[in-house]
Amino acid sequence: MDQTLPPTRRFKVEDAGRLDILVARALSLSRNQAATLIAGGRVLVSGRTEKASFLAPLGTEVIVSLPAAEAREVLPEDIAISVVFEDDEMLVVDKAAGMVVHPAPGNWTGTLVNALMGRGQALADGGGGDERAGLVHRLDKETSGLMIIAKTDRAHRILAKAISERRITRRYAALCWGHLTDDDISVDRAIARDPANRLRMTVTESGRAARTDFHRLARFMSTDLLRAHLHSGRTHQIRVHLTSIGHPVVGDDTYGGGGARRLVSLPPKRQFLHAAWLRFQHPVTGVEVDIRSPLPADLRESLVTVSEMPELIAHADPLEYLGFYRVDG
C-alpha cells in the first residue's frame, strides 16, 4: 500500500455504494486491498465494522486505520548494470527491462537502487531515504533505457530543478498499435491515478498537467514507430497519453496494448518503450551531455518483424537510421 498515506483516513460517503469500492476509491487502493482492510477490522462505518459488500448510505462517515508502513533496510547487492556515463557528480545508466527502479513493498531486493548501492559509491539523497538514493527520475519496470543518477546532493538539486523546468530532453522510442492521424501530434492532457484501479493512471481534468509530443518515424502495417518527447514526468505518461488517443503501446498489458504479442515478436510482459536519448547540461560544469541508447535486442527483433525492412537488421542503430536523433525533429 502507498506508504505516503497517513495512518488514519476519514471520509464521508458522497455516492452510496459497496464499502470495498468506496474505500478503494477514497484511498486509491485496489478492491482487494480495500477488502483486506475491511476483513481485518480496520474500516469503521459510523463506528461499526461491516462486510465488504455492505451498502454504505450517503453521508456515512468512514474511518480507515492503515497498517504501519513496512520498515526495511535497503541493502547493497552485486547486480550488473550498464553505466554509460560517470563522473564525480553523477552517472547515467542504461536500465534493462524487468528491473524495478527502487525498493518498495513486494520488491525489496534486485532493484536498480540495490545495484547502485552495491557499487560502493556515495549517492545523493533522492528525497526518500535509501529507497530513493540517487534517483532524479524513474522508469517503469518493463521500460528500458537511460536514467540519470546523482551522486552528490548538489547534482541532485540542480538536475531535479532542470527536469521540473523542462531543461532536460528525454526522448523515447515507442511502438503503438494503429496509426496516428498526423506525423506530428501533441497530447496535452492532465493525468491522475485511476480511482478504480490504483495500479493505473488515467487522463482527467482534475489531474496534474502533462504533455507529450509524438513524431511518427515509420508507419508499418498495423503499428507506428514513434519518438515521444516528454514535457512533464507523470507516472506512465507516454503509455496513458497513447491509450487516451486510442493507440496503446504494443505489449502494454496494463493499458490495453498487450494482445498479439507473438505477431510482433515481443517476450512476455515486455512493452515496446525505450528511453533512448538524453540531452542536458552537466549540473556542475555546464557542458552539454548527449547520450543515446540503441534499441535493446528484444525490441530490435520486434522492430524487424513488424517493419519488414531487412536493412534494419544490418544497421548498428535502427533508430539513427530512421532519424530518431534529429535535433530539429
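Within segment 236-251, restricting attention to residues that are open to solvent by 10 Å² or more (accessible area, probe 1.4 Å) and touching a Lys or Arg at 6+ places or on another chain (Cβ under 8 Å), the residue that is nearest to Pro318 (Cα to Cα) is Pro248.
Restrict the check to segment 197-208 and report whether at least one residue is under 28 Å from Pro268 (Cβ atoms), modelled with pLDDT of 90 or more and touching a Pro at 6+ places or on another chain (Cβ under 9 Å). Yes: segment 197-208 contains one or more residues that are under 28 Å from Pro268 (Cβ atoms), modelled with pLDDT of 90 or more and touching a Pro at 6+ places or on another chain (Cβ under 9 Å). Looking across Leu112, Leu139, Leu123, one residue alone is at pLDDT 95 or above and either more than 26 Å from Phe214 (Cα to Cα) or open to solvent by less than 10 Å² (accessible area, probe 1.4 Å) (or both). It is Leu112. Does His274 fit the bill of being open to solvent by 10 Å² or more (accessible area, probe 1.4 Å), under 20 Å from the mean Cα position of the chain (by Cα) and in contact (Cβ under 8 Å) with a residue 60 or more places away in the chain? So His274 does not fit the description; no. Condition check: farther than 17 Å from Pro195 by Cβ, open to solvent by less than 20 Å² (accessible area, probe 1.4 Å) and either at pLDDT below 90 or not polar (S, T, N, Q) (or both). Does Val23 satisfy that? No: the conditions fail for Val23.
Among the residues of segment 160-186, the ones that are surrounded by 20 or more Cβ atoms within 10 Å (Cβ to Cβ), modelled with pLDDT of 95 or more and of a type outside the set (D, E, K, R) come to 7 in all. Look at segment 105-116: where a residue is touching a residue at least 60 places away in the same chain (Cβ under 8 Å) and a partner is of a type outside the set (Lys, Arg) and open to solvent by 20 Å² or more (accessible area, probe 1.4 Å), sitting 6+ places away or on another chain with Cβ atoms under 7 Å, you get Pro105/Glu70. Picking from residues in segment 26-54 that are open to solvent by less than 20 Å² (accessible area, probe 1.4 Å) and at pLDDT below 90, the one that is nearest to the chain's Cα centre (by Cα) is Leu29.
The values are calculated or read from the model by the stated rules, or taken from the named source; none is laboratory data. It should be emphasised that the depicted structure is a prediction, and the values quoted were computed from it without experimental measurement. Positions of Cβ are backbone-derived with ideal geometry, glycine not excepted, and every protein chain shown enters the neighbour counts. Keep in mind that these areas ignore ligands, DNA and RNA; they rest on the heavy atoms of the full protein, side chains included. Shrake-Rupley method; radii C 1.70, N 1.55, O 1.52, S 1.80 Å.
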